[in-house]
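Okay, structure first, notes after.
Rule-based calculations on the coordinates, nothing more; no lab input. Every value quoted in this text rests on a predicted model; they were computed, and no experiment measured them. Cβ coordinates were reconstructed from backbone atoms using ideal geometry, including for glycine residues, and neighbour counts include every protein chain displayed.
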Amino acid sequence: MAPLKPVRVREYKDVIRNPRKTLSLTKIYSEVLKYMSLNFESSVQNNLYEYRHLSIEKDVIKKPWNGFIQFVESEEWDRLHEQFGVSSYCCEEAVIYLSFIWKMLESRRVFIVPIFDIHAATKKLNKDYNFIRWQYNCTAEDNKFENNGFIQAKSSYIISPIRDEFQYRHRDNGTIFEINSLEELTTLHNVLIFSNAYSEMNIYGLSKEKSIEDIRELLLLEDRPSLENILSDDDIFIDLVLGVDIGYHDGMLIVSKGNQDTRIKQLTSRINNLIEQYELRSREIKNLIEFKNELVRLSDF
């Protein structure tokens, strides 16, 4: 699949006003789709449906409220961060991504593999966890999204002032644990967004009949696993990458054996309508109370 490219407003208007410049109505629709705030490009790879989202300039929200900057040292801002996952690195977008993921995975058991800062994540959520050998990797940097598949797990460990021996022994392990709510997903995001140049988490939405042991066994094998072997017909895998440092972007990969076109279109249509309404009001926001009310509206789809 060719790297995804952002579409500027002027390019979007040019496509609409000059349809002869494109080859077909399908091409026109494709360009319009890219202009939408939250969008996915789809393909079929190795008998799996793949959906990719890339936001190079954090432009899911094209008219954000920048007034939050004056409040970032306040306790009220800390409470908003804890509840919604907003930060100076990923503000309104965090609410969109996390709420979308939770909606996509509803009626399924949700298992999480946090990437990099696994010890802080498991400690913060106070979860029973299992060590694994493999983690999934996607990158969203240098204006492109790459699906790298399963790689050997790695995790951070403390080296100063005293090396943490437990963390060091497990530096080549990842962890997997179950979460039960959007609130727990948000808490995990709040840990990971401050841990590296980008944050990443693997999210497995599996049928109610499956247990953590079913997936843990596959992620402990010596041979590289595949999503084709892990996922059943109704299961969904999501990898979320959020850029922090310059050159890193936001990206999302959704993989399923079943066609998720209808569900994704339903959710993105609702989300993009909410975003459009929010952008009409964002410049009028005066304080964090009003901002909180808007975040509630953005997550209600």
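Distance from the Cα centroid of segment 188-229 to that of segment 114-134 is 10 Å (rounded to whole angstrom).
If the segment from Ser160 to Arg108 were pulled out straight at 0.36 nm per residue, it would be longer than the present Cα-Cα gap by 14.7 nm. Scalar couplings 3J(HN,Hα) for segment 175-191, obtained by applying the Karplus form with A = 6.51, B = -1.76, C = 1.60 to θ = phi - 60°, are 10, 9, 8, 9, 10, 10, 7, 4, 4, 5, 4, 5, 4, 4, 4, 5, 6 Hz; x denotes Gly and Pro.
Report the charge-dipole magnitude of segment 52-127 in Debye, nearest 20, computed about the Cα centre from +1 at each Lys and Arg Cβ and -1 at each Asp and Glu Cβ. Provide the component values of the computation, followed by the final result.
Working: 11 positive and 11 negative charges, 110 e Å.
My answer is approximately 520 debye.
Over the residues of the chain, the helix contribution to mean residue ellipticity at 222 nm works out to -10500 deg cm²/dmol, using -39500 (n - 2.57) for each DSSP H run of at least 4.
Under unit Cβ charges (Lys, Arg +1; Asp, Glu -1), what dipole magnitude, rounded to 20 debye, does the chain have relative to its Cα centre? Numbers along the way, then the final one.
Values: 39 positive and 47 negative charges, 216 e Å.
Rounded to the nearest 20 debye, it is 1040 debye.
Expected output is a single nm value to one decimal: the length gained when fully extending between Ile151 and Asp214, i.e. 0.36 nm times separation in residues minus the C-alpha distance. What is it?
Numbers: separation 63, 0.36 × 63 = 22.68 nm, distance 1.92 nm.
Full extension from Ile151 to Asp214 adds 20.8 nm.
With a ≥ b ≥ c the root eigenvalues of the C-alpha gyration tensor of segment 96-180, is it rounded (a/c under 1.5), prolate (a/b larger than b/c) or oblate? Oblate is the answer for segment 96-180, as a/c is 1.5 or above yet b/c matches or exceeds a/b.
Equivalent-ellipsoid semi-axes (√(5λ), Cα gyration tensor) for the chain, whole Å, largest first? All intermediate terms of the calculation are to be shown ahead of the outcome.
Details: eigenvalues 196, 129, 61 Å².
Taking √(5λ) for each Cα gyration eigenvalue gives 31, 25, 18 Å.
In summary, the aspartates and glutamates within cross-link reach of Lys210, defined as a Cα separation below 12 angstrom excluding same-chain residues under 8 places away, comprise Glu178, Asp234, Asp235. Going down the table (Lys127/Lys208; Lys58/Lys123; Lys58/Lys286; Lys62/Lys257; Lys103/Lys265), which pairs top 24 Å between alpha carbons? Over 24 Å apart, Cα to Cα: Lys58/Lys123; Lys62/Lys257. The mean sequence separation of alpha-carbon pairs under 8 Å and at least six residues apart, normalised by the residue count of the chain, gives a relative contact order of 24 percent.
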